[in-house]
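Colleague: Quick one: structure below, then a few questions.
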2 protein chains.
Amino acid sequence: MGTYNVAPLSRLVEQFEQLPGIGHKSAQRLAYHVLGLSQEGVQALTSAIQEAHDKIHYCKICCNLTDQELCPVCRNESRDKSIICVVEDPRDVTALERTQEFNATYHVLHGVISPLNGMGPDQLCIKELLARVHAGGVQEVIMATNPTVEGEATAMYISRLIKPLGVKVTRLAYGIPVGGDLEYADEVTLSRAIEGRNEL
Amino acid sequence: MGTYNVAPLSRLVEQFEQLPGIGHKSAQRLAYHVLGLSQEGVQALTSAIQEAHDKIHYCKICCNLTDQELCPVCRNESRDKSIICVVEDPRDVTALERTQEFNATYHVLHGVISPLNGMGPDQLCIKELLARVHAGGVQEVIMATNPTVEGEATAMYISRLIKPLGVKVTRLAYGIPVGGDLEYADEVTLSRAIEGRNEL
């Protein structure tokens, strides 16, 4: 009887299985979908993968992803270059841009300090951030890493490097999320919200 | 302020979004994963997609997927060619092969009759099946389409075409699944299980 295998198909399933969040069943489903695509559809998919990988690199200033020398934010003359918002990930930039309220620049660390996962300060884009601060003209660095243990530790680590240079370092406000429910807020968030209360 | 977009990245996200079961967030996650791959990793992924699409086609006999002229089952001399098991999908063949008990051949329809989805008998590999039966040597056709409304209708349709040719047409047994629980079995399955009871 033997196992029934078609080599190119199982290679494709294996490749899809290596993608994040894709298990064996989903990988099979994706592979069968690919088999059913038109020649142009397959071309579009493979060239999109190849092009994105080849053309996208870090912005020379803020380490965000771009296909040009500088990212659109760093290229934009009307952006306030004296404020730098430090985030973990390019996706955080997209999230902050969605607010349409932030008109300064970003700096993407590409991770957080996490010794257990083998991520030390040297693996992050921290030296690029220090170079920007050293170059002068920066008045404030906003630490916008995630409110997790690693995010906090990274914010703390970077603020200790930057404060001695005479630059203001701030942190995103903690509190109850808008539209949230006090009943379901956890204790830490609630006590941070009380601590940070503002006069009306 | 404007939206923050990198053209090759958004093209890749769009491509991933078109895959089945992949939403916008998952597509973003996959795209960022691709950016982090090595040059070899990207090569392996794109060539696996391209190769699978280029090399895999229908087996000349049973319409299963293969990268050669005949699939391994049809090539295998020790398989009983007088019994054909008709399934909807290549994945059903894999499932049946896992039982390691079936030593005959398959025929893959690549779908079921479903007028609402625009699938008529002409879109399925039914004429290839009839050609096999006409060619002679076939003693039994086992209808192993799924126990859904469309699967049943397709089984019925095909059996009406084949029976006049003097070939035995059978259907997979209905009943309670092994390891299942009577309490949770639906009424139709239970009444089919009673109908089809066997002497011990």
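The values are calculated or read from the model by the stated rules, or taken from the named source; none is laboratory data. Since the model is a prediction, treat every value here as computed from it, not as a measurement. Because the Cβ atoms are built from the backbone with ideal geometry, glycine has one as well, and the counts that use them run over all protein chains shown.
Colleague: Which residue is farthest from A:Asn117 (Cα to Cα), if the candidates are limited to segment A:140-169 and must be over 17 Å from the mean Cα position of the chain (by Cα) and loosely packed, with under 14 Cβ neighbours inside 10 Å?
Modeller: Going through the qualifying residues, I end up with A:Gly166.
Colleague: All but one of (1) buried (at least 22 other Cβ atoms within 10 Å of the Cβ); (2) within 7 Å of another protein chain (Cβ to nearest Cβ); (3) out of contact with any Ser or Thr (no Cβ under 7 Å at 6 or more places or on another chain) hold for B:Phe16; which doesn't?
Modeller: (2)
Colleague: Another question, if that's okay. So B:Ser26 clears everything in (1) within 23 Å of A:Val73 (Cα to Cα); (2) of a type outside the set (Phe, Trp, Tyr); (3) within 7 Å of chain A (Cβ to nearest Cβ) except one condition, right? Which one?
Modeller: Single failed check for B:Ser26: (1).
Colleague: To continue, here is another question. Of the conditions (1) assigned to a loop (DSSP other than H, G, I, E, B); (2) under 27 Å from B:His53 (Cα atoms); (3) of a type in the set (A, V, I, L, M), A:Leu70 satisfies every one except a single condition; which number is it?
Modeller: With (1) assigned to a loop (DSSP other than H, G, I, E, B); (2) under 27 Å from B:His53 (Cα atoms); (3) of a type in the set (A, V, I, L, M) applied to A:Leu70, the lone miss is (2).
Colleague: Could I ask something else about it? Output the number of the condition that A:Ala155 fails; it satisfies all remaining conditions of (1) assigned by TED's automatic domain parsing to the domain that holds A:Phe102; (2) part of a loop (DSSP other than H, G, I, E, B).
Modeller: (2)
Colleague: Assigned to a helix (DSSP H, G or I) and over 13 Å from B:Leu172 (Cα atoms): does that describe B:Leu116?
Modeller: Details: assigned to a helix (DSSP H, G or I): yes; over 13 Å from B:Leu172 (Cα atoms): yes.
So B:Leu116 fits the description; yes.
Colleague: Out of everything in segment B:29-60 that is outside any helix (DSSP H, G or I) and at the interface with chain A (Cβ under 7 Å from one of its Cβ atoms), what residue ends up being farthest from A:Leu12 (Cα to Cα)?
Modeller: Start the filter on segment B:29-60 by keeping residues that are outside any helix (DSSP H, G or I), which leaves B:36-38, B:56-60.
From what's left, at the interface with chain A (Cβ under 7 Å from one of its Cβ atoms): B:37, B:56.
Numbers: B:Leu37: 16, B:Ile56: 11 Å.
My answer is B:Leu37.
Colleague: Being within 14 Å of chain B (Cβ to nearest Cβ) and of a type outside the set (A, V, I, L, M) is the filter; apply it to segment A:102-116 and report the residue that is surrounded by the fewest Cβ atoms within 10 Å (Cβ to Cβ). Step through it out loud before you land on a result.
Modeller: Taking segment A:102-116 as the starting set, the residues that turn out to be within 14 Å of chain B (Cβ to nearest Cβ) are A:102-106, A:108, A:110-111.
Checking which are of a type outside the set (A, V, I, L, M) leaves us with A:102-103, A:105-106, A:110-111.
Values: A:Phe102: 19, A:Asn103: 12, A:Thr105: 23, A:Tyr106: 27, A:His110: 17, A:Gly111: 17.
Among those that are within 14 Å of chain B (Cβ to nearest Cβ) and of a type outside the set (A, V, I, L, M), it is A:Asn103.
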